Amino acid sequence: MKKYNVGIIGYGWAAGAHIEAINKTTQAQVTAVFSSRKLDDAELTAKHGSPIKTYQNLDEMLANPDIHVVDIASYPSQHRDQAVKAANAKKHIILEKPMANSLQEVREIAAAAKSNDVKGCVCFECRWSNQFTVTKAVIDEGLLGDLHYGEVDYYHGIGPWYGQFRWNTGKKDGGSALLTAGCHAMDALLMMMGSEVESVTSFSTKSSSDIFKPYEYDTSSVTLLHFKNGAIGKSAAIVDCLQPYYFHTHLCGSQGSLLDDKFHSMKLHTDKGAWSKLSMKMLDSGDVSDHPYQSQFQAFFDALDEGKDMPLTSFPESLRSFEVIFAADKSAELGGKPVKISELG
Ligand SMILES: NC(=O)c1ccc[n+]([C@@H]2O[C@H](COP(=O)([O-])OP(=O)(O)OC[C@H]3O[C@@H](n4cnc5c(N)ncnc54)[C@H](O)[C@@H]3O)[C@@H](O)[C@H]2O)c1
């Protein structure tokens, strides 16, 4: 028997990837699934390789004392109520992005976890990707010097060919270009820059293509960031583009620059007239089976063993990213008026 039993909320696309990743960790296994649909225990047990009991009543699943962790992979508009209930039932929480679609709800989730002394893991799994682990190591080794400019952008056309289009076109669950998907790029930028954000300015628009007509909100946004240490940054969230998936990174510092998987460093005396190449696995797909959930969940369970917040994607850390995201959406709503993080209220 492994140490942590996990109950999943929502049995959709992300949940399938989560179950596989959790069952591959050393300490945890999925033993319960709650879904609005009636599911078959024997079928899920055979499919996922751990003994799974299914529930159609969330309170019943949360009342099971043998469940230690709840993993929320449901529609975003359900996240707040489910996460607060799970925290009040003293379960640790894995929570898919967006944490929720309003800052107040995100704060309520973080507060409920804190007051119940349970730990959280937000699925900002790009922080655990090989691409950003290596990029962060390049920065931490000082190869780029002090960063004064950074941009990380998300280009992924989410049209009718994509499963989430069924529900992410509505404002209630989709929220904004940042909340529905671009938050991964903004969060990666915040991780790379390593300084708190002072203020943001954002603009948004949408494609004139009929393909993206069902969206009830602007599906392209661009945010300029002013960091407390004086650095500046930019993050675009483009979910209405017609092109291959592209997670774009460009960082400039006092000793060199990095562009995606290429770099130049004065410290290494490389040729400034040509890029040097970093060999690493790039984030080049929106497919959840390509996402580094396993490394992230392993780090979460390791941190639970020690009774600590996990590194990189704990509730307090991700709350800071969501403050910036909600500030950006507020600025876009105000037509680009700068919004200070300290004035979010
Ligand atoms: N971190 C990432 O990169 C990433 C990737 C994909 C999804 N997500 C997030 O995961 C969450 C779920 O997204 P998803 O892509 O898994 O969505 P999904 O549409 O596959 O599932 C969403 C919800 O619908 C339910 N559902 C699915 N089919 C159903 C059916 N036939 N009848 C009744 N209910 C059904 C699921 O149980 C789940 O609660 C969202 O918050 C999303 O933003 C994150």
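The values are calculated or read from the model by the stated rules, or taken from the named source; none is laboratory data. Keep in mind the model is a prediction, meaning the values are calculated, not measured. Reconstructed Cβ throughout: ideal geometry from the backbone, glycine too, with neighbour counts over all protein chains shown.
When GLN164 is tested against (1) farther than 12 Å from SER257 by Cα; (2) surrounded by 19 or more Cβ atoms within 10 Å (Cβ to Cβ); (3) polar (S, T, N, Q), exactly one condition is not met: (2).
Report yes if some residue within the range 175-182 is more than 15 Å from the ligand (Cβ to nearest atom), assigned by TED's automatic domain parsing to the domain that holds GLY336 and outside any loop (DSSP other than H, G, I, E, B); otherwise report no.
no
Can you report the number of residues in the range 277-289 which are outside any loop (DSSP other than H, G, I, E, B) and surrounded by 14 or more Cβ atoms within 10 Å (Cβ to Cβ)? Break it down into steps so the answer makes sense when it comes.
So the first thing to find is which residues in the range 277-289 are outside any loop (DSSP other than H, G, I, E, B), and the list is 277, 288-289.
Subset that is surrounded by 14 or more Cβ atoms within 10 Å (Cβ to Cβ): 288.
Selection size over the range 277-289: 1.
Restricted to helices (runs of 4 or more DSSP H) entirely inside the range 24-102, those with at least 3 residues that are free of Cβ contacts under 8 Å to residues at least 40 places away in the same chain are 41-48, 76-88. The residue that is surrounded by the fewest Cβ atoms within 10 Å (Cβ to Cβ), among those in the range 290-317 that are assigned to a loop (DSSP other than H, G, I, E, B) and of a type in the set (Ser, Thr, Tyr), is SER314. Condition test on HIS264, is it free of Cβ contacts under 8 Å to residues at least 60 places away in the same chain and crowded, with 18+ Cβ neighbours inside 10 Å? For HIS264, the condition - free of Cβ contacts under 8 Å to residues at least 60 places away in the same chain and crowded, with 18+ Cβ neighbours inside 10 Å - is met. Yes or no: the range 60-70 includes at least one residue that is modelled with pLDDT of 95 or more, surrounded by 16 or more Cβ atoms within 10 Å (Cβ to Cβ), within 15 Å of the ligand (Cβ to nearest atom) and over 18 Å from the mean Cα position of the chain (by Cα). Checked the range 60-70: at least one residue is modelled with pLDDT of 95 or more, surrounded by 16 or more Cβ atoms within 10 Å (Cβ to Cβ), within 15 Å of the ligand (Cβ to nearest atom) and over 18 Å from the mean Cα position of the chain (by Cα).
When you go through TYR149, TYR154 one by one, which is the residue that is aromatic (Phe, Trp, Tyr) and away from the ligand (no atom under 14 Å from the Cβ)?
Values: TYR154 fails: away from the ligand (no atom under 14 Å from the Cβ).
Testing whether each residue is aromatic (Phe, Trp, Tyr) and away from the ligand (no atom under 14 Å from the Cβ) leaves just TYR149.
Yes or no: the range 154-165 includes at least one residue that is within 17 Å of VAL324 (Cα to Cα) and not in a loop (DSSP other than H, G, I, E, B). Checking the range 154-165: at least one residue is within 17 Å of VAL324 (Cα to Cα) and not in a loop (DSSP other than H, G, I, E, B).
The residue pairs whose first member lies in the range 119-138 and is away from the ligand (no atom under 14 Å from the Cβ) and of a type in the set (Ser, Thr, Tyr), whose second member is assigned to a strand (DSSP E or B) and at pLDDT 95 or above, and whose beta carbons are closer than 8 Å, counting only pairs six or more residues apart or on different chains, are THR135/THR249; THR135/LEU251; THR135/LEU258. For the range 221-276, a tally of residues being hydrophobic (A, V, I, L, M, F, W, C), in a strand (DSSP E or B) and under 16 Å from THR135 (Cα atoms) returns 6.
A residue that is farther than 21 Å from LYS119 by Cα, more than 24 Å from the chain's Cα centre (by Cα), hydroxyl-bearing (Ser, Thr, Tyr) and within 15 Å of the ligand (Cβ to nearest atom) cannot be found anywhere in the range 7-29.
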